[in-house]
Amino acid sequence: TQLLEQSPQFLSIQEGENLTVYCNSSSVFSSLQWYRQEPGEGPVLLVTVVTGGEVKKLKRLTFQFGDARKDSSLHITAAQPGDTGLYLCAGASSGGSNYKLTFGKGTLLTVNP
Amino acid sequence: AAGVIQSPRHLIKEKRETATLKCYPIPRHDTVYWYQQGPGQDPQFLISFYEKMQSDKGSIPDRFSAQQFSDYHSELNMSSLELGDSALYFCASTPQMASGPNEQFFGPGTRLTVL
């Protein structure tokens, strides 16, 4: 069974601070996806990283995939209250003709004004 | 842009009843995934379909079944409902590519409450 360990589980910071969320596994994934989820809503895809060592930027968010494709990080610069939400990493593994996702437990981020 | 549609959004059932959840994927997406998310939990993969055939199976109870129809929409059928089945059920869709993992786009979910 492939597992994704996500840390920290909870994070409460002040507006303007920087933060990093980590997603680690002992397994290799074909790709890793980061989602943000609001309470009672479906996860919204932020980014997909595929290549080991890949770095992708989405405005103030920087995503990195580890060289061995077993870990990833999400860095947010100058966090804003609108960044508040549950951040989930999910690893894609092949299940025949398509790829199911294994999710981490999530990081609940609260950015205080 | 069109998104994944799920219906109903909320459903309340009694124990031992049955429920049917529907998922309409994004147009031109032919692969559908079902996930279950319990309170405070991460989504758990249940089952997936590609071109109307089951392609992978996760932690789906035997009391549940699912299928994908010719228009690519999918239905999750749940029988003999138990209190522990109360959860958010998400459907995700993805276009089938020649190779490589695809990005999954999630619907808003169906909140099932079993009383």
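The values are calculated or read from the model by the stated rules, or taken from the named source; none is laboratory data. What you see is a predicted model, and the numbers here were worked out from it, not measured in a lab. Cβ coordinates were reconstructed from backbone atoms using ideal geometry, including for glycine residues, and neighbour counts include every protein chain displayed. Ligands, DNA and RNA are stripped out before the accessible areas are found, and what is left, the full protein with its side chains, is counted by its heavy atoms. Shrake-Rupley method; radii C 1.70, N 1.55, O 1.52, S 1.80 Å.
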Q: Could you please state, rounded to a whole Å, how far the C-alpha centre of the stretch A:32-93 is from the C-alpha centre of the stretch B:19-67?
A: 23
Q. How much solvent-accessible surface does B:Glu14 expose, in Å² to the nearest 10, with a 1.4 Å probe and all protein chains in place?
A. 100
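Could you tell me the convex hull volume per residue, in Å³, taken over the Cα atoms of the stretch A:18-113? Intermediate values should be presented prior to the final figure.
Working: hull volume 9.3 nm³, N = 96.
Cα convex hull per residue, to the nearest whole number: 97 Å³.
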(Q) If you take the accessible area of B alone plus A alone and subtract the pair, what total do you get in square angstrom, rounded to 100, with a 1.4 Å probe? (A) 1900
Q. Hey, with R₀ at 35 Å, roughly what FRET efficiency would A:Leu108 and B:Gln67 work out to, going by the Cβ-Cβ distance, to 0.05?
A. 0.50
Q) Hey, got the dipole for chain B? About the Cα centre, +1 on K and R Cβ, -1 on D and E Cβ, debye to the nearest 20? A) 240
Q) Which ³J(HN,Hα) values, rounded to whole Hz and listed in residue order, are derived for the stretch A:99-113 from phi using the Karplus coefficients 6.51, -1.76 and 1.60 in 6.51 cos²θ - 1.76 cosθ + 1.60 with θ = phi - 60°, glycine and proline given as x? A) 10, 8, 9, 10, 9, x, 6, x, 10, 8, 9, 10, 10, 8, x
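Exposed loop trypsin sites (Lys or Arg not before Pro) only (DSSP loop, at most 14 other Cβ atoms within 10 Å): please give the longest stretch of chain A free of them, not including the sites.
On the way: sites that count: A:Lys59, A:Arg60.
Answer - A:1-58.
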Q: Step through the residues of the stretch A:64-80 one at a time and calculate ³J(HN,Hα) from phi using the Karplus curve (6.51 cos²θ - 1.76 cosθ + 1.60, θ = phi - 60°), rounding each to whole Hz and writing x for Gly and Pro.
A: 10, 10, x, 4, 8, 6, 10, 9, 8, 9, 10, 10, 10, 9, 6, 4, 10
Q: Any chance you could list P(r) for chain B, counting all Cα-Cα pairs in 10 angstrom bins from zero, rounded to whole %?
A: 15, 49, 29, 6, 0
Q: Could you tell me the accessible area of A:Leu4 in Å² (1.4 Å probe, neighbours in place), rounded to the nearest ten?
A: 10
Q: Starting from one equal scatterer on each C-alpha and no solvent at all, send me the Debye-based log10 I(q)/I(0) for the protein assembly as shown at q = 0.10 Å⁻¹, two decimals.
A: -0.45
Q: May I ask you to evaluate 6.51 cos²θ - 1.76 cosθ + 1.60, the Karplus curve with θ = phi - 60°, for each residue of the stretch B:48-65 and list the ³J(HN,Hα) values in order in whole Hz, giving x for glycine and proline?
A: 9, 9, 9, 6, 6, 10, 5, 10, 7, 10, x, 8, 8, x, 5, 6, 9, 9
Q.
Within the protein assembly as shown, how many Lys pairs that are eight or more residues apart, or on different chains, come under 20 Å at the alpha-carbon?
A. 10
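With a 1.4 Å probe and every protein chain kept in, tell me what percent of the accessible surface of chain B is carbon plus sulfur. Don't skip to the end; give the middle numbers.
Working: 2780 of 5480 Å².
The nonpolar share, carbon plus sulfur, comes to 51 percent.
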